[in-house]
Amino acid sequence: MSKHNQKEVERRRTFGIISHPDAGKTTLTEKLLLYGGAIQMAGAVKARKAARHATSDWMAMEQERGISVTSSVMKFNYRDYEVNLLDTPGHQDFSEDTYRVLTAVDSALMVIDSAKGVETQTRKLMEVCRMRNTPIITFINKLDREGKEPLELLSDIEETLQIECAPLSWPIGMGKRFKGTYNLYRKQLHLFTPGQETRLKDGVVIDDLNDPRLDELLGSQADELRADIELLEGAANPFELEEYLKGNQTPVFFGSAINNFGVQEMLDAFVELAPPPSPRETTSREVSPYEEPFSGFVFKIQANMDPAHRDRIAFMRICSGKFTRGMKLRHHRIGKDINVSNATIFMAQDRTNVEEAYPGDIIGIHNHGTIKIGDTFTDKEPLKFTGIPSFAPEHFRRVRLKNPLKTKQLEKGLIQLAEEGAVQLFRPVINTDYILGAVGVLQFDVIMSRLKNEYGVDAIYEGIDYATARWIGCEDRKKLEEFEKKNQANLALDAEGNLAYLASSEWRLGHTAEQWPQVQFHKTREHN
Ligand code: G4P
């Protein structure tokens, strides 16, 4: 690869934010975009969230799909870096996409509300990061409010998420007594003034904590800080880049997103520490981002703004080589070449036609339903990227047609929507039901509305007593047959014909797994 292209790879940072609703993801995203000069985009992020709050009605949400496509990938420049921030939808629109986006990033930023500590959605997203040992930087937010003690927060993260914490900044008080942070590796004090968007340049360099200036600036809290730092030096883990890059350790920052406090400090560390595009596994070999030939995979498909055209945008993460407009790419699953003349690159303000893009970048390709999640595109070599799985659903519904004559349309619609990754489809082995599985319940509303609008199918949902699913694997054919016979009532085939076990509870699943030690129960499944 040429020196120029190599540099382009090295300066890219592609990441996602993992957090629980209300921890401050939107606020922080907005501040990050402002640092990157993407002012218009920052407004759109907030507007999108406001729209979500105003309505849970999918039809109304469809009208703002435009914003939703644009803010799926937010690109901005910071210092010499090109940053791609991939949106991890949360709240009502939490879905399998949220998980899958994390398979396309090189690192993640974890936002935690200092009053709440680690919450459920963060825990789930962290599990996905674990699959690829994604490096994670932590931002503990809302220090301007009363929260848990910093040490308690660190041990909560360590225990709940099984990751070592290495604080790189340390808060001085909290809530009304919040005075700022002390940057442990730069040995700088950042003072907090409520209501003011404090910038990093306000940092006061204090190499020696016994410096009397500390007492002048912090009053009685100076001694508290000294005591904290002394305690930390004995108790906390020193930061080790290698451990962070392996996903074993997370550097921790404290701040307040809404006051823009501690954000730039964290962003500076992020661009310096976070890894550039990493090598990716395929079924045949590892692909380095520095290879000359182009390669990429599709991790998300989004229905476009005009439902009448059934146009979809496939989001492709570039893994190697350089993309140029008009390039011919081979779509390996269907064995066809496509000419990519109208690819979209996700620029901060706008969607623009791509002229060129590099590993770590995301491009959007228009398609009419031929592209599936997990598809690989290269300029020649037949490759198949791995690690873009389906995730075991946690919510289930049975679909009932209002008009039985529409069975064919229903089936077609559900298969296409399943291919797109919008929902998972299961057909029980003992009957002809259609069972849908989702990671977030809003997926069901979306499917109903799209079935009606795009396929002309009127259907309704019925609740069904399943709470979890696992894909089945077993080397021993005889055992598998025996297992199938005994568990017929709980077995179904997914849209690609893979056998899955649907269980009414985690307990039930655990019990069955215990009874059948030769059978594997997989929580994820790779696309064929
Ligand atoms: P999310 O995307 O993770 O769901 O969180 P979001 O940024 O929307 O923040 C959730 C709430 O927390 C918002 O308040 C936001 O203003 C507030 N918040 C974010 N960062 C901080 C912080 O550093 N300190 C304090 N005190 N609050 C913070 P809201 O009342 O729900 O919404 P809004 O009316 O302020 O928009």
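Which length gain, in nm to one decimal place, applies between Lys336 and Gln162 when the Cα-Cα distance is subtracted from 0.36 nm times their residue separation?
On the way: separation 174, 0.36 × 174 = 62.64 nm, distance 4.45 nm.
Working it through step by step, the gained length comes to 58.2 nm.
Within the chain, DSSP assigns beta bridges of which about 75% are antiparallel (rounded to the nearest 5).
Could you calculate the contour length gain from Arg213 to Asp379, that is, 0.36 nm times the residue separation minus the distance between their Cα atoms, to one decimal place in nm? Computed gain between Arg213 and Asp379 is 53.6 nm. Computed from label points 7 Å out along Cα-Cβ, the spacing between His4 and Glu355 is 1.1 nm.
Mind checking the angle between helix 120-131 and the chain's longest principal axis? C-alpha axes, 0 to 90 degrees, to the nearest 10. Helix 120-131 sits at roughly 80 degrees to that axis. Exposure proxy shown here: for Met131, Met110, the number of other Cβ atoms within 10 Å sets the order, fewest to most, as Met131, Met110.
Here's the list of lysines a cross-link from Lys7 could span, going by alpha-carbon distance under 21 Å and ignoring same-chain residues fewer than 8 apart: Lys75, Lys322. Taken along the Cα-to-beta-carbon direction at a fixed 7 Å, the label points for Glu506 and Thr407 span 3.9 nm.
With 20 Å as the limit on Cα-Cα distance, the pairs of Lys336/Lys384; Lys124/Lys452; Lys408/Lys452; Lys124/Lys412; Lys336/Lys380 that go past it are Lys124/Lys452; Lys124/Lys412. By how many degrees, between 0 and 90 and to the nearest 10, does the Cα long axis of helix 25-35 differ from the longest principal axis of the chain? Taking the Cα atoms of the chain, the angle to 25-35 is about 60 degrees.
Contact order for the chain, expressed relative to its length and based on alpha carbon pairs under 8 Å spaced 6+ residues apart, stands at 14 percent.
Restricting to DSSP H runs of at least four residues, report the calculated mean residue ellipticity at 222 nm for the chain, -39500 (n - 2.57) per run over all residues, nearest 500 deg cm²/dmol. Before the final figure, lay out each step's value.
On the way: 16 runs with 161 residues, N = 528.
Value at 222 nm, helices only: -9000 deg cm²/dmol.
For the range 456-528, the relative contact order comes to 44 percent (Cα pairs under 8 Å, sequence separation of at least 6). Would you mind checking the tilt of helix 407-419 against the longest principal axis of the Cα atoms of the chain, expressed as 0 to 90 degrees and rounded to 10? That works out to roughly 30 degrees. Close amide-amide hydrogen proximity is noted between Met74 and Leu85, Leu86, Asp87, each under 5 Å apart and 5 or more residues distant or on a separate chain (H modeled in the peptide plane; Pro and chain starts excluded).
Rounded to whole numbers, the Karplus 3J(HN,Hα) couplings from phi for the range 438-455 are 9, 8, x, 5, 4, 3, 5, 4, 4, 4, 4, 5, 6, 4, 5, 6, 9, 10 Hz, using 6.51 cos²θ - 1.76 cosθ + 1.60 with θ = phi - 60°, and x at Gly and Pro.
Our coupling estimate for the range 74-89, obtained by passing each phi through the Karplus curve with A = 6.51, B = -1.76, C = 1.60 and θ = phi - 60°, is 10, 10, 8, 9, 9, 6, 9, 9, 9, 9, 10, 9, 8, 6, 10, x Hz, Gly and Pro reported as x. If contacts are Cα pairs under 8 angstrom and at least 6 residues apart, what is the relative contact order of the range 211-283 in percent? Normalised by residue count, the contact order of the range 211-283 is 15 percent.
In this structure the amide hydrogen of Arg333, modeled in the peptide plane, comes within under 5 Å of the amide hydrogens of Thr376, none closer than 5 places in sequence on its chain.
No value in this document is a laboratory result; all are computed from the given coordinates. None of these values were measured; they are calculated from a predicted model. Reconstructed Cβ throughout: ideal geometry from the backbone, glycine too, with neighbour counts over all protein chains shown.
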